[in-house]
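The block underneath contains the structure these notes are about, expressed in structure tokens.
The values are calculated or read from the model by the stated rules, or taken from the named source; none is laboratory data. Since the structure is predicted, the reported quantities are computational estimates derived from the model, not experimental observations. No Cβ is skipped: glycine too gets one built from the backbone with ideal geometry, and neighbour counts run over all protein chains shown. Quick note on the areas: whole protein, heavy atoms, side chains included, nothing else; ligands and nucleic acids left out. Shrake-Rupley method; radii C 1.70, N 1.55, O 1.52, S 1.80 Å.
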Amino acid sequence: MTGAEILGVRLACRDVAAVRAFWVTAFGAVADGEGLHLGPQRLDLVAAIEAGGAPPLSNETGFQHCAIVVSRMDEAMRQLDATTGWSPISKAGPERLPAASGGVTAFKFRDPEGHPLEFLEFPADRVPDIWAGARGSPCLGIDHSAIAVADAERSIAFYRQLGFRLASRQENRGAEQGRLDGLGPDTAVEVVTLSCRGGSAPHLELLSYRRPEPSPRPAPDGSPLATVLVCRGRAGDAGSLVDPDGHRLAFEPDHP
């Protein structure tokens with residue numbers, strides 16, 4: 001395999017129509033059958049087949065969020081505030097992280113069914129090439145899906161076997177990160193970026209918490225909080241996989 005490619009993200013929902021309406025209203029997503037597009041990125045919505053439990057905390061291994069790139073955080077927040085049903089994860093509104101943590105401004109929250117989401121605004125001088133020419137008002141697309149993992153090295157090895165490439169590693173720590181994640185002021189998390197074929201978006205990020213320590217609690221398959229990465233597989237491949245922490249991947253066949 002020359003490289004993995006994430007084709008989209010699949011969310012299990014109690015009420016598919018309500019989640020679709022939220023994404024359209026809050027983010028300007030475009031409905032496409034049962035699914036959606038936000039910018040060029042694809043979001044599949046499917047009916048949950050099991051009851052859901054309490055939403056996982058940021059350091060629990062069932063946690064997986066979609067990060068939405070915004071061109072203007074203040075406008076994105078006004079649009080979100082005008083939409084009902086969501087709830088915050090971040091404790092004090094959008095957080096500007098220190099330069100050592102990327103210097104981004106971010107805000108984490110949950111949609112009406114509890115799926116974790118993030119607004120992400122890059123500093124003007126550090127916008128990745130893939131987003132430099134993007135246009136939107138104000139939500140541009142899905143930059144990545146981030147998953148909490150218990151063991152970064154184990155997860156890196158697993159995803160490398162699937163064709164993901166290690167792009168960067170950094171440790172984010174301190175009060176800003178704690179408020180962003182809805183955790184304590186002593187929060188420390190290693191963020192591992194895994195790139196996809198051709199540098200496409202969304203890519204994958206691993207969140208390996210040092211403090212507080214990661215807690216194993218994967219979302220049951222088919223529950224309203226189950227998130228699945230839909231990936232391009234090798235020629236002739238199709239099916240599904242579960243990573244070491246219970247995160248799910250579905251593969252669509254690659255072209256010969």
Item to check | Residue list for the stretch 7-37, restricted to those being within 17 Å of Met77 (Cα to Cα) and either touching a Ser or Thr at 6+ places or on another chain (Cβ under 6 Å) or at pLDDT below 95 (or both) | outcome: Thr25, Ala26
Checklist outcome for this item: Residues of the stretch 175-216 being among the charged types (D, E, K, R) and outside any strand (DSSP E or B), in sequence order, are Glu176, Arg179, Asp181, Asp186, Arg197, Glu213
Next on the checklist: Restricting to the stretch 50-69, name every residue that is in contact with a strand residue (DSSP E or B) (Cβ under 8 Å, 6 or more places away or on another chain) and assigned to a loop (DSSP other than H, G, I, E, B).
Outcome noted: Pro55, Pro56, Leu57, Ser58, Asn59, Thr61, Gly62, Phe63
Checklist entry - Do you know which of the residues in the stretch 70-110 that are among the polar types (S, T, N, Q) and part of a loop (DSSP other than H, G, I, E, B) is surrounded by the most Cβ atoms within 10 Å (Cβ to Cβ)? => result Ser90
Checklist entry - When residues of the stretch 93-127 are filtered for being over 20 Å from Gln79 (Cα atoms) and touching a residue at least 60 places away in the same chain (Cβ under 8 Å), how many remain? => result 5
Item to check | Pair list, Cβ < 6 Å and 6+ apart or interchain, from the stretch 211-225 residues that are closer than 11 Å to Thr61 by Cα and open to solvent by less than 70 Å² (accessible area, probe 1.4 Å) to residues that are of a type outside the set (Val, Ile, Thr) and at pLDDT below 85 | outcome: Ala219/Leu225; Ala219/Ala226
Item to check | Flag if Val230 is without any contact (Cβ under 8 Å) to a residue 60 or more places away in the chain and either surrounded by 17 or more Cβ atoms within 10 Å (Cβ to Cβ) or among the β-branched types (Val, Ile, Thr) (or both) | outcome: no
Checklist outcome for this item: Checked pairs for the stretch 21-34, first more than 15 Å from Gly136 (Cβ to Cβ), second open to solvent by less than 60 Å² (accessible area, probe 1.4 Å) and part of a strand (DSSP E or B), C-beta under 7 Å and 6 or more apart or across chains, list as Glu34/Leu45
Checklist entry - Does Asp151 meet the test of being more than 22 Å from Gly8 (Cα to Cα) and open to solvent by less than 10 Å² (accessible area, probe 1.4 Å)? => result no
Item to check | Residue satisfying condition, being among the hydroxyl-bearing types (Ser, Thr, Tyr) and either assigned to a loop (DSSP other than H, G, I, E, B) or modelled with pLDDT under 95 (or both), within set Ser145, Ser155, Ser137 | outcome: Ser137
